[in-house]
Amino acid sequence: MPPKPHQDQSAPAKVSPTGATERSLPLVRDARSQSGDHLTTANGLRVDDTDHSLKAGRRGPSLLEDFHLREKITHFDHERIPERVVHARGAAAHGVFTSYGSAASATKAGFLAEKGKQTPVFVRFSTVLGSRGSADTVRDTRGFAVKFYTDEGTFDLVGNNMPVFFIQDAIKFPDVIHAGKPHPDREIPQAQSAHDTFWDFVSLHTEATHHVFWNMSDRGIPRSYRTMEGFGVHTFRLENAAGETVLAKWHWKPVAGVHSLVWEEAQITAGMDPDFHRRDMADGIENGAFLEWELGLQLLPDTPDEMFEGIDLLDPTKIVPEELAPVQLVGRMTLNANPTNYFAETEQVAFHLGNLVPGIQVTNDPLLQGRLFSYLDTQLTRLGGPNFTQLPINRPHADVNDNLRDGMHQTAVHTGLAPYLPNSVDGGGPRTADASEGAYVTLPTPTTGEKVRGAAVSFDDHFTQARLFYVSLTPLEQDHVVEAFTFELAKVFEKGIRERMLANLARVDTALAGRVAVGLGLPVPEAVDLPEVAPSPALSQISPVPGPVAGRVVGVVAGPGADLAGIASLRDALAAQGAVLRIISPVAGELADGTHVEIVDRALYATRSVEFDAVVVAGGAGSLRHPKLDVLLQEAFRHLKPLGAWGDGALVLRAAGVAPEAAGVLTADEAGAGFAEQLVTALGLHRVWDRAPQVVPQPA
Ligand code: HDE
C-alpha cells in the first residue's frame with residue numbers, strides 16, 4: 001500500500017482555525033464568550049429552526065413577532081465598526097518579548113530591566129493608505145505597532161517600518177492623509193501613492209522628501225512582515241533607577257534580515273494573492289516558523305539642545321545614522337500564536353502612544369505631541385465609546401483601579417460608593433502611589449518660550465538626509481528608486497506636478513533626477529549644488545551573508561514520472577530550516593510512483609511565480625511543457641529568484657528560455673544534500689543580485 005500522501009501544512013485551505021484557536025485562547029483574558037452545544041438566542045434560549053422565518057402560512061408574509069429573525073438580522077446589520085482612518089488594513093499575532101537586561105542602565109522600565117524577563121505582546125502590522133479590503137503588497141509605509149502587556153501597565157510602541165515621517169508637525173496629518181487617500185470624486189486609486197494628489201502635496205511640501213525616498217525604495221514593498229525593520233520614529237526620553245536620563249530611538253531588527261519584493265512581483269501579487277503578507281505570517285506561525293525581531297536602542301545624550309552631531313532629535317524627518325550611534329540590542333520578540341478571532345483582536349486592538357510605563361517618557365517632537373492626542377480620540381469613535389480598555393485584547397495585565405465609570409459598553413460591575421478622590425466613604429481608596437511604588441511620574445523638564453505657531457530653524461533642511469539615504473544604497477537599490485519614481489510620476493496627470501517633483505529630486509541627486517526625467521520624457525532639471533554626506537551602509541538592505549530561511553517557500557515543478565523520492569528528501573532538508581516545499585504541476589490531484597504519493601499543492605492554472613521564493617524542476621519531469629510553466633519560470637528568473645533543476649529537469653528550464661548556466665540557476669544530478677544546501681544558501685541571500693544586469697535595463 002502506498003504511504004499516506006504528504007499534506008502541505010501551509011497551504012491556505014489547510015490553515016485550520018482550530019490549531020490557532022486553541023493555542024491563542026489563553027493569550028487574551030476572558031476570550032471565550034460562547035458555551036454549550038446548542039444554538040441559542042443572545043439570551044440563551046435554545047432555537048429549533050434558524051433557516052426559516054416565522055410566516056403566516058408557508059407561502060405567506062413574515063411575521064413581526066419573529067424575535068429570532070429580528071435579533072439575527074439586527075445584530076448582523078450592526079456587525080461592522082468604522083475602519084481605522086489610516087492603517088485600516090492590518091494583520092496581527094501574539095508573542096512574547098524577552099529582555100536581555102542590557103537596557104537597565106538606561107531605563108527603569110520593568111519589562112526591560114531584568115535579564116530573561118518575559119512579557120506577552122500583541123503586534124499589528126498594517127498598510128497606511130488602503131482600506132480594510134485592499135491588497136497587502138502595495139507600495140506604502142507599513143505600521144508596526146507593538147502592545148507590551150507589562151506588569152506595570154500596558155506599553156505601546158506604535159511604530160512604522162520606516163524611521164522618518166512625511167511631516168514634522170501633527171497639525172499637518174490631515175493634509176498628508178487627504179492627499180494620499182484616493183481622489184474624493186471617484187475614490188480611486190485604492191491603496192496607491194501613484195496619483196496626482198499625493199505627488200501634488202509632497203512636491204509642494206518638501207519636508208516629506210526623506211520619507212518619500214524610503215517609500216520609493218525597496219522598503220515600500222516588503223517581502224513579508226518578518227523581513228521588515230521597525231522604528232519608533234520619534235526620540236523618547238528614558239530614565240533609569242538613579243533618575244538619570246538619556247534620549248533614545250527604538251529599532252526592531254528582523255532576525256530574518258530586511259528583504260523586499262521587486263516591483264513587478266508586488267503588483268502581480270496584489271491581484272494573485274491580496275492577502276500575501278497576512279497569509280505568510282499566519283502560515284509561518286502555524287508551521288512553527290515564528291517571526292522574530294531583536295529590539296534595539298540608539299542612546300543619545302540628553303543635552304539641553306536635544307541635538308546630536310548636528311541632527312535635531314525632535315525632527316521626525318531625520319534619522320541618526322547607526323554608524324554615529326550604534327543600535328544596542330536589549331531584547332528579543334517572538335511572534336508565536338495567531339489570533340483566535342480577527343475582529344475581537346486584530347480589529348479591536350487599540351494602540352496609543354500615551355500608553356507608557358515608568359522609565360519611558362515623551363519628548364517635545366511636535367509630531368509625537370499631536371499623536372498623543374489622536375489615538376485615544378479616534379478610538380472613541382471607532383470602538384464606540386470610552387470603555388474599550390475592557391475589551392479582552394486591550395485589557396492590561398496589570399491591576400486596574402481607575403475610578404472611570406459608566407459610559408457606552410460598560411461591562412464591569414463596579415462596587416463601592418466613591419469613584420472619586422479624595423473620599424472618606426470607601427476607605428479613602430484607591431490611593432495614589434509614588435515613584436518607589438511604581439507610579440508614573442512625569443520628568444520635570446524645563447519649558448520656556450513664547451507661544452508661537454512655528455518650528456525650529458533646524459527643521460528647515462528637507463533634502464540632506466534624503467540624499468544621505470539615497471547615496472547609502474547600492475547601485476541596484478538606487479535603480480529601484482529611479483524605477484519607482486518613474487513609475488509613480490508617470491501616473492501623474494498634471495505636468496506641473498511632475499516638473500516640480502523633478503526639481504525636488506535634483507536637490508537630492510543630480511543623476512537620479514536626470515534618469516527619472518528621461519523616463520518621463522521631460523527636460524532634465526538644472527543641477528544644483530548638493531551637500532557632501534557620508535553614506536550610512538546600515539541603510540542598505542542587501543547583505544552578502546545568507547540569512548535564515550524560515551518561512552520561505554520553494555516551488556518544485558513535477559509531473560507524472562517525477563522523482564518523488566528526491567522531492568521528499570528535498571522537502572525534509574528544507575523543513576529542517578523552517579522552509580516549505582510546494583509541488584507545482586499542470587493539474588491538481590496526486591502524483592504517485594511505486595513507493596511515494598505526493599499531493600499537488602499548486603496546479604499551474606491556479607498559481608503564479610510570486611507564490612515562491614525559489615523554483616526548482618524535479619528530475620524525471622524533463623518532458624513537461626506548458627505555456628504557464630514558461631511564464632512562471634521566466635518571471636521567477638526576471639524577479640532574480642534562485643532557480644534550479646536536478647536530473648533532466650534542466651530541459652524544462654532550457655525550454656522556457658532559462659539557461660541552466662545563468663547566475664543563480666542551480667543544477668545537480670540528484671536532489672541530494674549538496675543540492676539542498678546550495679538552495680538554502682541561495683534562499684538565504686534572498687535574490688540572485690548578480691543576475692540583475694541580465695534582466696534589468698542598464699542604468700542610463
Ligand atoms: Fe498614526 N494613527 N498618526 N502614525 N499610526 C493611527 O490610530 C496619527 C504616525 C501608526 O495597528 C490612528 O487607532 C497622527 C507616525 C500605526 O491599530 C490615528 C499622526 C507613526 C497605526 C493615527 C500619525 C504612526 C497608526 C488610526 C501624525 C509611526 C496603526 C487608527 C502626528 C511612528 C495602529 C488608530 C494599529 C494609527 C494618528 C503619524 C504609526 C488616526 C495624528 C509618525 C502603526 O489615531
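The values are calculated or read from the model by the stated rules, or taken from the named source; none is laboratory data. Values in this document were obtained by computation on a predicted structure and should not be read as measured data. No Cβ is skipped: glycine too gets one built from the backbone with ideal geometry, and neighbour counts run over all protein chains shown.
Laid out as a table, the results:
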quantity: Residue list for segment 624-683, filter: part of a helix (DSSP H, G or I) and among the β-branched types (Val, Ile, Thr); calculated: Val631, Val652, Val680, Thr681
quantity: Sole exception among (1) at positive phi; (2) part of a strand (DSSP E or B) for Gly288, by number; calculated: (2)
quantity: Filter result for Ala241 (more than 15 Å from Val138 (Cα to Cα) and in contact with a Lys or Arg (Cβ under 8 Å, 6 or more places away or on another chain)); calculated: yes
quantity: Conditions (1) out of contact with any strand residue (DSSP E or B) (no Cβ under 7 Å at 6 or more places or on another chain); (2) within 30 Å of His397 (Cβ to Cβ): number failed by Leu157; calculated: (1)
quantity: Cross-chain or 6+ apart pairs with Cβ under 6 Å, segment 66-94 first and on the phi > 0 side of the Ramachandran plot, then in a loop (DSSP other than H, G, I, E, B); calculated: His87/Val128
quantity: Identity of the residue in segment 99-136, among the hydrophobic types (A, V, I, L, M, F, W, C) and within 16 Å of the ligand (Cβ to nearest atom), that ends up nearest to Pro182 (Cα to Cα); calculated: Leu129
quantity: Whichever residue in segment 314-345 is in contact with a helix residue (DSSP H, G or I) (Cβ under 8 Å, 6 or more places away or on another chain) and in a helix (DSSP H, G or I) and, among such residues, is nearest to Leu291 (Cα to Cα); calculated: Glu345
quantity: Residue ID - nearest to the ligand (Cβ to nearest atom), chosen from residues in segment 147-166 that are in contact with a His (Cβ under 8 Å, 6 or more places away or on another chain) and assigned to a strand (DSSP E or B); calculated: Val158
quantity: Considering residues of segment 373-404 that are exposed (fewer than 13 other Cβ atoms within 10 Å of the Cβ) and more than 32 Å from the chain's Cα centre (by Cα) only, the residue farthest from the ligand (Cβ to nearest atom); calculated: Asn401
quantity: Answer from Gly521, Gly594, Gly496, Gly514 - the residue that is out of contact with any strand residue (DSSP E or B) (no Cβ under 8 Å at 6 or more places or on another chain), on the phi > 0 side of the Ramachandran plot and of a type outside the set (Phe, Trp, Tyr); calculated: Gly521
quantity: Residue ID - surrounded by the fewest Cβ atoms within 10 Å (Cβ to Cβ), chosen from residues in segment 308-331 that are within 16 Å of the ligand (Cβ to nearest atom) and hydrophobic (A, V, I, L, M, F, W, C); calculated: Val320
quantity: Where Arg139 falls short, out of the listed (1) part of a loop (DSSP other than H, G, I, E, B); (2) within 16 Å of the ligand (Cβ to nearest atom); calculated: (2)
quantity: Residue within segment 22-40 that is on the phi > 0 side of the Ramachandran plot and modelled with pLDDT of 95 or more present; calculated: no
quantity: Residue ID - farthest from Gly296 (Cα to Cα), chosen from residues in segment 167-203 that are aliphatic (A, V, I, L, M) and more than 16 Å from the ligand (Cβ to nearest atom); calculated: Ile188
quantity: Residues within segment 504-526 that are in contact (Cβ under 8 Å) with a residue 40 or more places away in the chain and assigned to a helix (DSSP H, G or I), tallied; calculated: 5
quantity: Filter pass, Gly354 being assigned to a loop (DSSP other than H, G, I, E, B), loosely packed, with under 15 Cβ neighbours inside 10 Å, assigned by TED's automatic domain parsing to the domain that holds Arg132 and touching a helix residue (DSSP H, G or I) at 6+ places or on another chain (Cβ under 8 Å); calculated: yes
quantity: In segment 167-220, residue surrounded by the fewest Cβ atoms within 10 Å (Cβ to Cβ) [restricted to those that are among the acidic types (Asp, Glu) and touching a residue at least 12 places away in the same chain (Cβ under 8 Å)]; calculated: Asp175
quantity: Condition broken by Glu71, with the remaining ones in (1) within 16 Å of the ligand (Cβ to nearest atom); (2) farther than 19 Å from Gly143 by Cα satisfied; calculated: (1)
quantity: Top-ranked residue in segment 53-103 [being surrounded by 12 or more Cβ atoms within 10 Å (Cβ to Cβ) and among the basic types (Lys, Arg); ranked as farthest from Arg382 (Cα to Cα)]; calculated: Lys55
quantity: Pairs with Cβ under 6 Å, 6+ apart, first in segment 378-391 and part of a loop (DSSP other than H, G, I, E, B), second within 13 Å of the ligand (Cβ to nearest atom); calculated: Leu391/Gln348
quantity: Residues that are in a loop (DSSP other than H, G, I, E, B) and under 22 Å from the mean Cα position of the chain (by Cα), drawn from segment 167-189; calculated: Ile167, Lys181, Pro182, Pro189
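The rows are residues; the columns are (1) closer than 19 Å to His195 by Cβ; (2) among the aromatic types (Phe, Trp, Tyr).
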| site | (1), (2) |
| --- | --- |
| Phe122 | no, yes |
| Arg132 | no, no |
| Ala135 | yes, no |
| Arg139 | yes, no |
| Arg142 | no, no |
| Asp151 | no, no |
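So that you can scan it fast, the table gives a plain yes or no per residue for (1) surrounded by 20 or more Cβ atoms within 10 Å (Cβ to Cβ); (2) in contact with a Phe, Trp or Tyr (Cβ under 7 Å, 6 or more places away or on another chain):
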residue	(1), (2)
Ala603	no, no
Val615	yes, no
Gly620	yes, no
Gln634	no, no
Leu643	yes, yes
Ala662	no, no
Gln678	no, no
Pro693	no, no
